Every structure is written in structure tokens, then in C-alpha cells.
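Data first, discussion second: the structure below is written as C-alpha cells.
The values are calculated or read from the model by the stated rules, or taken from the named source; none is laboratory data. Model, not experiment: these values are computed from the prediction. As a convention, Cβ positions derive from the backbone with ideal geometry for all residues, glycine included, and neighbour counts pool all protein chains shown. For the accessible areas, the whole protein counts, side chains as well, though only heavy atoms, and no ligand, DNA or RNA atoms are used. Shrake-Rupley method; radii C 1.70, N 1.55, O 1.52, S 1.80 Å.
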Amino acid sequence: MMMLAELRCVDDVIVVGSSLEALEKIRPRIFAKGPDYVGKIRKEDRDFCDANNIDIRFTDGVRFSSTELLNNES
């Protein structure tokens, strides 16, 4: 958290247990996910976004998986 908070492009860092909790706390205009989430947005997230006029968008850049990075760490 401290490392993220130090980045100039980061306004705030919060800890949440789920994407729905983050959406409820932040209420963003855009919910951005990577290309690997196309067709995989959880129903409760989609319903919340629809009810609160939050646009769901998907990035099209290079995919970085934090899970893969952690699993490949030696």
C-alpha cells in the first residue's frame, strides 16, 4: 500500500475484500478491467455498475497478471 501511495498517479489506496466493495466505496465513473475479464464480470459487479451508471471498460494493452508474477517468483 505504501509503495502504491507514493506513485504520483495514485490519489488514494484502500484495502477491500472484493471488487463490489471497492465499487460501493469509490463509486467511479468507469470500472476498468483487463482483457482477460471480457465476459467474466461477476453478476453483482455488473448489476451494481448498471444501477449506478458506471461504465465497464476493458483495456487492450499488455496483460500483467499479479498472480502469475507471484507464482513464478523464485
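Taking all protein chains as they are arranged and a probe of 1.4 Å, the heavy atoms of D47 leave approximately 70 Å² accessible to solvent. For the chain, the pair-distance distribution built from all alpha carbon pairs, in bins 10 Å wide starting at 0, is 16, 40, 38, 6, 0 percent. Annotation for the chain: trypsin sites (Lys or Arg not before Pro) lying in DSSP loop with at most 14 further Cβ atoms inside 10 Å of their Cβ are R8, R29, K40, R42, R63.
Could you give the accessible area per residue of the chain, probe 1.4 Å, as a whole number in Å²? Let's see the in-between values first.
Working: 6400 Å² over 74 residues.
About 86 Å² of surface per residue is accessible.
Take the solvent-accessible surface of the protein heavy atoms, probe 1.4 Å, and return the percent of it on the chain that carbon and sulfur atoms account for.
52
The dipole here belongs to the chain: it is taken about the Cα centre, uses +1 on the Cβ of Lys and Arg and -1 on the Cβ of Asp and Glu, and is about 200 debye.
Taking GluC sites (Glu not before Pro) that fall in a DSSP loop and have at most 16 other Cβ atoms within 10 Å as cut points, what is the longest piece of the chain between them? Write out the running numbers ahead of the final one.
Values: sites that count: E6, E73.
The segment 7-72 is the longest one with no such site.
Charged neighbours of E24, selected by a Cβ distance under 13 Å, balance to -2 (K, R count +1; D, E count -1).
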